[in-house]
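Read through the structure below, which is laid out as structure tokens, and then see the notes.
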């Protein structure tokens, strides 16, 4: 199958300890200017992401790690995206992903919850081999950020969120574990100045990286944020999630000064689309012949996992 070229014959994965995996995100950040991170919601999606290689202008391109999305973890369980899944539940899926992959993971921690809970969550995720958690500066019942002000969302005050960052950093046991602060000012239409003030405060509170989030399609506001942030913090890793401004190329975002680009939900969204198409086709056509060309063969599926056949 042409669309699976390069990952049909999966080689045996090299084993890696949790400690070794946790260190790799900082190591890759030091060696590469900008990382590509993709959402993985299951072991098979993570294996596909890890093994995918594409040649572009004589460069072999690959993903640098995984994003553990609270949205896609919730969708996988057909649960509402309101922080309904606790860390222990999500950790089971992470352990299964880590069993068959080697790349580092960034964990979407939503608001981080109560500080008392966050402290224990940081330690559990760190022990499991997660490299970074991202906490967003909102409070109350979680609502998806891309809904913006169409739903009620409340941003945390700066002092309170700085305390959350500080306590998360104090609770970790290793130097390589990272805590990133996700700023929701642009999502909630509070403006660029508010976002920059918060970014400076969060870095001073100990955040290892800053994720600026935006739902505007043009990408202009994240470009301006990146420019002004870099003037103040030239070495702090800067992250973005280009779901709304998906037309912006990796190279453009890299040139703006972003160090980590997260493709946050595309593996799950494409899987849902494909499954819906297959289910509808079998019903409407009365047989599965018409969708066979869009599926790998059973033999390929069995061969996809090393040791199956």
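This table checks each residue for (1) out of contact with any strand residue (DSSP E or B) (no Cβ under 7 Å at 6 or more places or on another chain); (2) outside any helix (DSSP H, G or I); (3) touching a residue at least 40 places away in the same chain (Cβ under 8 Å).
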position	(1), (2), (3)
188	no, yes, yes
199	no, no, no
216	yes, yes, no
221	yes, no, no
239	no, yes, yes
245	yes, yes, no
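One line per residue, one yes/no per condition, for (1) within 17 Å of the chain's Cα centre (by Cα); (2) surrounded by 13 or more Cβ atoms within 10 Å (Cβ to Cβ); (3) at pLDDT 95 or above:
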| site | (1), (2), (3) |
| --- | --- |
| 10 | no, yes, no |
| 19 | no, no, yes |
| 40 | yes, yes, yes |
| 43 | yes, yes, yes |
| 46 | yes, yes, yes |
| 53 | no, no, yes |
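Out of 133, 119, 183, report the one residue that is surrounded by 14 or more Cβ atoms within 10 Å (Cβ to Cβ), touching a strand residue (DSSP E or B) at 6+ places or on another chain (Cβ under 7 Å) and within 29 Å of residue 101 (Cα to Cα).
133
Can you name the residue in the stretch 247-268 that is part of a helix (DSSP H, G or I) and without any contact (Cβ under 8 Å) to a residue 60 or more places away in the chain and is also nearest to residue 134 (Cα to Cα) among such residues?
Per the criteria, the residue is 256.
Please tell me if residue 182 is at pLDDT 95 or above and over 18 Å from residue 111 (Cβ atoms).
no
I need the full set of residues from the stretch 147-163 which are under 22 Å from residue 81 (Cα atoms) and either touching a helix residue (DSSP H, G or I) at 6+ places or on another chain (Cβ under 8 Å) or buried (at least 20 other Cβ atoms within 10 Å of the Cβ) (or both), in order please.
Once the filter is applied, which keeps residues that are under 22 Å from residue 81 (Cα atoms) and either touching a helix residue (DSSP H, G or I) at 6+ places or on another chain (Cβ under 8 Å) or buried (at least 20 other Cβ atoms within 10 Å of the Cβ) (or both), the stretch 147-163 yields 153, 156, 161.
Any idea how many residues of the stretch 130-179 are at pLDDT 95 or above, under 29 Å from residue 64 (Cβ atoms) and not in a helix (DSSP H, G or I)?
Summing the residues that are at pLDDT 95 or above, under 29 Å from residue 64 (Cβ atoms) and not in a helix (DSSP H, G or I) in the stretch 130-179 gives 17.
Take the residues in the stretch 65-106 that are free of Cβ contacts under 8 Å to residues at least 24 places away in the same chain and in a loop (DSSP other than H, G, I, E, B), then tell me which one is farthest from residue 273 (Cα to Cα).
86
Residue 138 - would you say it is farther than 27 Å from residue 27 by Cα, surrounded by 13 or more Cβ atoms within 10 Å (Cβ to Cβ) and either free of Cβ contacts under 8 Å to residues at least 12 places away in the same chain or touching a strand residue (DSSP E or B) at 6+ places or on another chain (Cβ under 8 Å) (or both)?
Yes: the conditions hold for residue 138.
With respect to residue 109, is the statement that it is within 23 Å of residue 176 (Cβ to Cβ) and surrounded by fewer than 19 Cβ atoms within 10 Å (Cβ to Cβ) true?
No.
Taking the residues in the stretch 65-104 that are touching a strand residue (DSSP E or B) at 6+ places or on another chain (Cβ under 6 Å) and closer than 20 Å to residue 270 by Cβ as candidates, determine which candidate is surrounded by the most Cβ atoms within 10 Å (Cβ to Cβ).
66
Output the number of the condition that residue 207 fails; it satisfies all remaining conditions of (1) under 19 Å from residue 109 (Cα atoms); (2) crowded, with 23+ Cβ neighbours inside 10 Å; (3) over 19 Å from the mean Cα position of the chain (by Cα).
All conditions are met except number (3).
Say we look at the stretch 38-64 and pick out the residues that are assigned to a loop (DSSP other than H, G, I, E, B) and touching a strand residue (DSSP E or B) at 6+ places or on another chain (Cβ under 7 Å); which of these is farthest from residue 88 (Cα to Cα)?
Across the stretch 38-64, the extreme among qualifying residues is 53.
The values are calculated or read from the model by the stated rules, or taken from the named source; none is laboratory data. These figures come from a predicted structure and were not determined experimentally. Here Cβ is always computed from backbone atoms with ideal geometry, including for glycine, and neighbour counts include all displayed protein chains.
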